[in-house]
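Here the structure is laid out as structure tokens; the discussion comes afterwards.
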Amino acid sequence: MAANFDFLKKVDKNLFEIIDEAEKLYRDEYFEQCMTQTRRFGENVCKKVLGRNRTSEETFDEMLATLKDIGSGEEQEKEFVDDLYFLKKHGNESTHSSKVKKNGMDALECLQRAFEVAISYSVYNKGAKADILKLRYDTELLVTGKKSKKTLAEKYSEEKAKTSSRKRKKSSSKKDVTVFPLSKKNEKPKKPAKKKSDKQYHTMSSRSKKKGIPVFWKIVGVSLAISLIILLVMFLISL
């Protein structure tokens, strides 16, 4: 089965076996034990790098302090020491923890840091070919044990293309949807309005009032006058 640390076999077989065991533990989901094993790997690398410079240092922490003091201050060395400190910290926490956290993300980062440590150790301390500096930690290889045929750049390009394709499909599907206003959703269809019948308009002309005394009242007046005259004549005769 292929492993991320295969390049380490030719450099230091013992270190390879230690870190290879850490990957196996991760694959079986023993994350706490995986971090403890990466700490063990880091401590052994630190011992080998110190070499003759190691005197009375016994603990991993003491060896790291000495390694930091004798360093030249270059960025590569600082990253190397930082990675070893990281492995020491998480390894100690997983070893002395009273509870099993099952923290796969921390375990994965420990393996990735150990990978960087292994590359730096191989190239700068053991004179391995600089080609391995181009290597990147393969998570798929860690989980499946099978090396991916595609590079990280190719995987990124494929994933980016898939994301762009999904976005285009979403935008095109939105254009085909007819959106109806919510206020009209439950509105009853309106009945056709009845045609209004044309109104008939009649022009009424008012009669103009006649001026003067009506004929009726004239006749009444004349009759009354005649009656009064007859009564007056009869009265005079009776005298």
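The values are calculated or read from the model by the stated rules, or taken from the named source; none is laboratory data. Remember, it's a predicted structure, so these values are computed and weren't measured experimentally. Because the Cβ atoms are built from the backbone with ideal geometry, glycine has one as well, and the counts that use them run over all protein chains shown. Protein only, heavy atoms only, side chains kept; ligands, DNA and RNA dropped before computing areas. Shrake-Rupley method; radii C 1.70, N 1.55, O 1.52, S 1.80 Å.
Worth pointing out:
- Note that segment 6-133 presents 56 Å² accessible area per residue, ligands and nucleic acids not counted, probe 1.4 Å.
- Computed with a 1.4 Å probe on the full set of protein chains, the accessible area for I229 sits at about 100 Å².
- Ordered by solvent-accessible area of protein heavy atoms (1.4 Å probe), largest first, the residues S227, S72, S122 come out as S72, S227, S122.
- Cα→Cβ-extended label distance, 7 Å offset, between V143 and W217, nm: 11.9 nm
- Additional length obtainable on full extension of the chain from K134 to K78, 0.36 nm per residue less Cα span: 18.2 nm
- Residue (of M1, Q37, L25) at the positive-pole extreme of segment 1-94, dipole from beta-carbon charges: M1
- Distance between the modelled labels on D6 and T59, one decimal in nanometres: 4.0 nm (7 Å Cα→Cβ projection).
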